[in-house]
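Notes for the one structure printed next.
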Amino acid sequence: MQKNTFLLYGANGYTGELIARYAAGYGLKPILAGRRREAIEPLAVQLGLSFRVMNLTDGTALKTALKEVPLVVHAAGPYDLTATPMIEACMETGTHYLDLNGDTDVFEMLQGYDDRARKKNIMIMPGAGFDVVPTDCMAMHLKNR
């Protein structure tokens, strides 16, 4: 396993590309991943990074890629469709999971994996993009007015 590496799934999206560029700028070596070669490969070549092409419906390819890394940064939504196959693969491979999701339903779904994750010493960190906190604070503020 290469030092300073992680799998960045959804690297061709707006936020995924920002993460890839910043990570490369700090000397990290994310493996860029996504469904379409024509979207992933040019960015990987430009940044001098490795890449993998896979669909979340291909559990074998997903698990093979996750076995190469200690962590996946999941940047491909909609998370209500993409989080389950990714977290299931992480549970099987012992890969830590971080996403940018701001959907409280997905947070609750991922909470259901807590016992399994603890037993396997796997970190699950949804919402690392801080997306939901400001809107939830505003909703509580308005409710309390």
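The values are calculated or read from the model by the stated rules, or taken from the named source; none is laboratory data. For clarity, every value in this text was computed on a predicted model and none was experimentally measured. With ideal geometry, Cβ positions are generated from the backbone for all residues, glycine too; neighbour counts draw on all protein chains shown.
Of all residues in region 67-113, those satisfying the criterion of being under 15 Å from G127 (Cβ atoms), in a helix (DSSP H, G or I) and not polar (S, T, N, Q) are Y79, D80, A83, M86, I87, D105, V106, F107, E108, M109, L110. Within region 45-59, not a single residue is closer than 20 Å to M125 by Cβ and aromatic (F, W, Y). For T104, the criteria (1) of a type outside the set (G, A, S); (2) at negative phi; (3) at pLDDT 95 or above hold in every case but one, which is (3).
When the residues of region 90-113 are filtered to those that are among the hydrophobic types (A, V, I, L, M, F, W, C) and under 23 Å from L28 (Cα atoms), the one that is surrounded by the fewest Cβ atoms within 10 Å (Cβ to Cβ) is L98. In the set L28, L47, L7, only one residue is surrounded by 15 or more Cβ atoms within 10 Å (Cβ to Cβ) and within 25 Å of E108 (Cβ to Cβ); that residue is L7.
Table: residues versus (1) in contact (Cβ under 8 Å) with a residue 12 or more places away in the chain; (2) touching an Asp or Glu at 6+ places or on another chain (Cβ under 8 Å); (3) under 17 Å from A11 (Cα atoms).
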site	(1), (2), (3)
V72	yes, no, yes
A76	yes, no, yes
Y79	yes, yes, yes
E92	yes, no, no
G112	no, no, no
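Of everything in region 114-145 that's surrounded by fewer than 16 Cβ atoms within 10 Å (Cβ to Cβ) and on the phi > 0 side of the Ramachandran plot, which residue is modelled with the highest pLDDT? Across region 114-145, the extreme among qualifying residues is N121. Looking across region 6-39, the residues that are hydrophobic (A, V, I, L, M, F, W, C), within 15 Å of the chain's Cα centre (by Cα) and not in a loop (DSSP other than H, G, I, E, B) come down to L7, L8, L18, I19, A20, A23, I31, L32, A33.
On inspection, V106 does not qualify as without any contact (Cβ under 8 Å) to a residue 60 or more places away in the chain, among the β-branched types (V, I, T) and under 18 Å from N12 (Cβ atoms).
With respect to the conditions (1) closer than 20 Å to T95 by Cβ; (2) in contact (Cβ under 8 Å) with a residue 12 or more places away in the chain, G48 falls short on a single one, namely (1). Just one of T60, T64 is of a type outside the set (A, V, I, L, M), in a helix (DSSP H, G or I) and surrounded by 14 or more Cβ atoms within 10 Å (Cβ to Cβ); which is it? Only one candidate passes the filter, namely T64.
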